[in-house]
Amino acid sequence: AETTIEDVNSYTITGTINSDGTITGGNVVGISTSEDLIALQYGNQSYEGYTFVLTNDITLNTSPEDGMGDNLWRYGIGCDTTFAGTFDGQGHTISGIYMNTDNAMTGFIRGTDSMSLVKDVKIVDSYIKNSMPNSNKLYDL
């Protein structure tokens, strides 16, 4: 059968992410709220074999001051390890990531490896600052 782009981007969500970053259910996890997205940075695991699907646009914060509260982006996806899963933004936008740190191993995604795939996501109206040399980025390799 012929594969189309629509077929490739069609997912059946089988799992959910808990606030501590653990996964319940299957390995295709929908990310639909700021709480879901924030939970990804607390999992402290590589998420190898998992696919995270952004199901709509997400705004974490509307100003840098808001980023000091509940929706603070502290570590990046993967926390203390590299991300080895798939993150498919499906063309959606994440905005309002505000990070100001001196930890060299931070960003939107904490780190990637040969198993990582991050695609089709837009990050806008965000601020990622790191006082370590060469570390102001959306991801750390």
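If the condition is being at pLDDT 95 or above and β-branched (Val, Ile, Thr), then the range 34-54 contributes Thr51, Val53. Do the conditions hold for Thr62, that is, is it modelled with pLDDT of 90 or more, of a type in the set (Val, Ile, Thr) and surrounded by fewer than 19 Cβ atoms within 10 Å (Cβ to Cβ)? In short, no.
Which is small (Gly, Ala, Ser), on the phi > 0 side of the Ramachandran plot and at pLDDT 90 or above, of Gly15, Gly21, Gly26? When all the criteria are applied, what remains is Gly21. I'm told Tyr139 meets every condition in (1) among the hydroxyl-bearing types (Ser, Thr, Tyr); (2) modelled with pLDDT of 75 or more; (3) open to solvent by 60 Å² or more (accessible area, probe 1.4 Å) except one. Can you identify the failing condition by its number? Every condition holds for Tyr139 apart from (2).
Scanning the range 25-40 for residues that are in a loop (DSSP other than H, G, I, E, B) and surrounded by fewer than 21 Cβ atoms within 10 Å (Cβ to Cβ) yields a count of 4. Screening the range 80-100 for residues that are buried (at least 19 other Cβ atoms within 10 Å of the Cβ) and more than 13 Å from Ser126 (Cα to Cα) and picking the one that is modelled with the lowest pLDDT gives Thr82.
The values are calculated or read from the model by the stated rules, or taken from the named source; none is laboratory data. Keep in mind the model is a prediction, meaning the values are calculated, not measured. Cβ atoms come from the backbone with ideal geometry, glycine included; neighbour counts cover every protein chain shown. Ligands, DNA and RNA are excluded from the accessible area calculation, which covers all protein heavy atoms including side chains. Shrake-Rupley method; radii C 1.70, N 1.55, O 1.52, S 1.80 Å.
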